[in-house]
Amino acid sequence: MTSEQSLLALLSDGEWHSGEALAALLGVSRTAVWKQLNRLMDRGVLLERTRGRGYRLIEAPDILDRHAILSGIDKNRSQRVTLDVHKKIDSTNRALMSDKDPGSDAIRLCVADHQSAGRGRRGRHWISPPGENVYLSMGVGLTGGFAELGGLSLVVGLAVAQALESMGLANPRLKWPNDILVNARKLSGVLIELQGELDGAIRVVIGVGINVHMGNKEQRVDQPWISLDQASPDRSWQRNEIIAHVVNHVLGSLDRFERGGFEVFQAAWQVRDALFGWPLRTEPGSYIGLGDGVDQTGAYRLKTTEGEVLLNSGEISIRHDNESAD
Ligand code: BTN
């Protein structure tokens, strides 16, 4: 723990603490405590200060912290991990994609508090306001061929859903290929970009955006969405903890994916399928049919009047009663 984190931990009970007592507990001078308190306040921590009583924590915002993230990552992997934490960046995926010399075994992580040009799938913009959400990219090497990459994006979406479930999120669903929905609203999206080949391995950049604290004052998102605070208000969602859980689950799943392919994940993906049994339309192609789950490669099955159609790319959406069958 950094000294600021130790100080925050002491204050986290919401009780009054004198500067003298804090200094004694931390083994530093009162001046050092005073400087640390000022730094915390600069970072948005709300403290009350009263002569004779000392300091009391009113509200601690969810601050991204490098040490807290790294200490939550599984020890057997943390040696290979390098982590950059940015206050503001254009896009964490863009940053890792421009990494010229990543090394085949390195795991590069990049997180940001705010993205000015967050990238979404199919050239869309990912709205990324400051302080609200998780914007995480992971640069990793994968052995195996390019043919595997279709299943990869489903495996990552499933791993993110499982990470959030392990933290207490109830019933996240997967919308093929890799959106995570709660109550039919988008909670998280995944964007995978191919970095190229290096020493016989493919390197990919896996970008994950998760809505955490975003509230209804955010009006720019052009599809139904939900945040973790809204989906599961009884839990206090902390971004450092979420990032570490997601990294652990994704890296664990990638190991299993390299050994067994998508087949190993098919059943777990299937039980979370948000589109199963729904009337669907595809884009492009405009097929119409009923959602019928994924096959062992991760392709989506659509039951049409002319038989089964397998989708390897594109988008699927629920078809509403008032749409014409053109
Ligand atoms: C989607 O369209 O559903 C995918 C959204 C992916 C957004 C994340 S946020 C972190 C990373 N950096 C980016 O620029 N995009 C991804």
May I ask you to compute the full-extension gain from Leu310 to Asn76, defined as 0.36 nm times their residue separation minus their alpha-carbon distance, rounded to one decimal in nm? 80.4 nm
In straight Cα distance, which aspartates and glutamates are under 20 Å from Lys75, not counting same-chain residues fewer than 8 positions off? Asp65, Asp84, Asp105, Glu241, Asp255
Whole-Hz Karplus couplings 3J(HN,Hα) for the range 112-126, θ = phi - 60° and coefficients 6.51, -1.76, 1.60, Gly and Pro as x, run 9, 7, 8, 10, 8, 9, x, 9, x, 5, 6, x, 7, 8, 9
Pairwise FRET efficiency - Lys35 versus Trp278, Cβ, R0 = 45 Å, nearest 0.05: 0.20
So, R0 is 22 Å and r is the distance between the beta-carbons of Arg319 and Gln223; what FRET efficiency does that work out to, to 0.05? 0.85
For the range 139-236, state the semi-axes of the equivalent ellipsoid (square roots of 5 times the eigenvalues of the alpha-carbon gyration tensor), sorted largest first and rounded to whole angstrom. 29, 14, 12
Inter-label distance, nm, simple model (7 Å from Cα along the C-beta direction), Ser98/Glu193: 1.0 nm
Once Rh is set to the Kirkwood radius over Cα pairs, what Stokes-Einstein translational diffusion coefficient, in µm²/s, holds for the range 1-129 at a temperature of 20 °C and a viscosity of 1.002 mPa s? 123 µm²/s
GNM top mover of Gly103, Gly207, Gly14 - the chain, alpha-carbon springs below 10 Å: Gly14
What residues qualify as long-range amide H neighbours of Ser18, i.e. H under 5 Å apart, gap of 5 or more or another chain, H built at 1.01 Å from N? Tyr55
Qualifying trypsin sites (Lys or Arg not before Pro) in the range 20-67, DSSP loop, other Cβ atoms within 10 Å at most 15: Arg43, Arg51, Arg53
Scalar couplings 3J(HN,Hα) for the range 86-100 by Karplus 6.51 cos²θ - 1.76 cosθ + 1.60 (θ = phi - 60°), nearest whole Hz, x for Gly and Pro, are 10, 5, 8, 8, 5, 7, 5, 5, 4, 4, 6, 5, 8, 5, 7
Report, in deg cm²/dmol and to the nearest 500, the calculated mean residue ellipticity at 222 nm for the chain, where each DSSP H run with n ≥ 4 adds -39500 (n - 2.57) and the sum is divided by the residue count. -8500 deg cm²/dmol
Specify, per residue and in Å³, the volume enclosed by the convex hull of the alpha carbon atoms belonging to the range 68-121. 100 Å³
Mean-square fluctuation check for the chain, GNM, Cα pairs under 10 Å: which of Leu275, Leu169, Leu47 is largest? Leu47
Give me, ordered by chain and number, the residues 5 or more places off Trp278 or on other chains with an amide H under 5 Å from its own placed amide H. Gly291
So, in nm, how far is label Arg49 from label Arg235 when the simple model puts each one 7 Å beyond its Cα toward the Cβ? 3.6 nm
In whole Hz, the Karplus estimates of ³J(HN,Hα) for the range 6-14 (6.51, -1.76, 1.60; θ = phi - 60°; x where Gly or Pro) are 4, 5, 4, 4, 5, 7, 5, 6, x
Semi-axes of the equivalent ellipsoid of the chain: what are they in whole Å, largest first, if each equals the square root of 5 times a C-alpha gyration tensor eigenvalue? 41, 23, 16
Rounded to the nearest Å, the spacing of the alpha-carbon centers of the range 48-120 and the range 239-269 is 20 Å
Once the in-chain neighbours fewer than 8 apart are removed, the lysines whose Cα is under 21 Å from Lys186 read Lys175, Lys217
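Bear in mind that the values in this text are calculations on the coordinates, not laboratory data. Keep in mind that what you see is a predicted model, and the values were worked out from it rather than measured. We place every Cβ from the backbone using ideal geometry, glycine too, and count neighbours over all the protein chains shown.
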